[in-house]
Amino acid sequence: IHMDEKRERRLETKEQGSEPDEARRNSFICLWASCMDRAYSWRTAQSMIFGQPLVFDMSYEKDMSAREVANAVRQMVFSEGCNRRSADPFHIHFCNFKEDSLYHREFIKHYKEAWGKLLITVTDQCYTEVFPKDKLIYLTADSPKVMKTFDHDKIYIVGSIVDKSIKTGVSLARAKRLGLETAALPLEKYLLWNIGAKNLTLDQMMHILLTLKDTGDWKKALEFVPKRKYCGFVSKPIHELKKTLSLVNTLKLGRRHEELQKQFVKNYSEKLTRK
């Protein structure tokens, strides 16, 4: 009994002694988070005056289902957060944005009261009415022109579309109708592409553009492409890598073909023995 009482007293004193430390730690974390938020907001506010514009084209609501619109908005929320935490953020513009649209309602769900306080420019005007046409470059995976370097004097446009059925050419057709220059990321130049379409999510595009803006290094920027989509970075001439890849695929298929033949012979022999 005496030992139990002593143990209880020790636990009580330990709990009482840990409370002030925990409270002090929590208050420090809150203070640090508040200071960081203030610093991020200050940088984003500066970008609205001096920063390079980046346009999200919000004119694709009719080309998507409600679920795809919700997914697109979620990716743009991630993109805005990533941009806000950057050392040199873009001045984000949401162009062709309609009040009470499905886009708008999904943004309200995510941001709630903070939607009206976001340090971004939202307008129902088209980007061709806001910026000079010769400064605009529409980034689309379907463009025949490949982007070589990041241009700090240009204004890049990203289509706010998530398309599960992969309707190719939608953003390219829109850019051509408006008479805009287009560009695609040089994925095949730097990556040994493995599988899937060359469409990236909006937050992946934001990470890539921010890294290019800060470093100009394609290898660093394209690390944000999902690893499942490529085998590795190109370190040899592309025609040599294609030969190697085709040889590997041939060997794989040949080995698979032999395995299937052996399995067929085994199954067939088992059937004969049963008879």
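For region 200-246, enumerate the residues that are modelled with pLDDT of 80 or more and open to solvent by 70 Å² or more (accessible area, probe 1.4 Å). Asp214, Thr215, Lys219, Lys220, Glu223, Phe224, Lys227, Arg228 - these are the residues of region 200-246 that are modelled with pLDDT of 80 or more and open to solvent by 70 Å² or more (accessible area, probe 1.4 Å). A single entry from Arg85, Arg74 fulfils the requirement of being open to solvent by 10 Å² or more (accessible area, probe 1.4 Å) and modelled with pLDDT of 90 or more: Arg74. For region 108-125, the count of residues that are open to solvent by less than 30 Å² (accessible area, probe 1.4 Å), more than 13 Å from Ser59 (Cα to Cα) and under 18 Å from the mean Cα position of the chain (by Cα) is zero.
Of all residues in region 83-110, those satisfying the criterion of being farther than 17 Å from Ala45 by Cβ and part of a helix (DSSP H, G or I) are Leu102, Tyr103, His104, Arg105, Glu106, Phe107, Ile108, Lys109, His110.
Suppose the filter is open to solvent by 60 Å² or more (accessible area, probe 1.4 Å) and within 19 Å of the chain's Cα centre (by Cα); does Arg43 pass it? Here the answer is no, as Arg43 does not meet what is asked. Among the residues of region 114-130, is any of a type in the set (S, T, N, Q), in contact (Cβ under 8 Å) with a residue 60 or more places away in the chain and assigned to a strand (DSSP E or B)? Looking through region 114-130, at least one residue is of a type in the set (S, T, N, Q), in contact (Cβ under 8 Å) with a residue 60 or more places away in the chain and assigned to a strand (DSSP E or B).
The values are calculated or read from the model by the stated rules, or taken from the named source; none is laboratory data. As the structure is a prediction and not an experimental result, all values here were calculated from the model. Here the Cβ is made from the backbone with ideal geometry for all residues, glycine too, and neighbour counts use every protein chain on show. When the accessible area is computed, the model is the full protein with side chains, heavy atoms only, and any ligands, DNA or RNA have been set aside. Shrake-Rupley method; radii C 1.70, N 1.55, O 1.52, S 1.80 Å.
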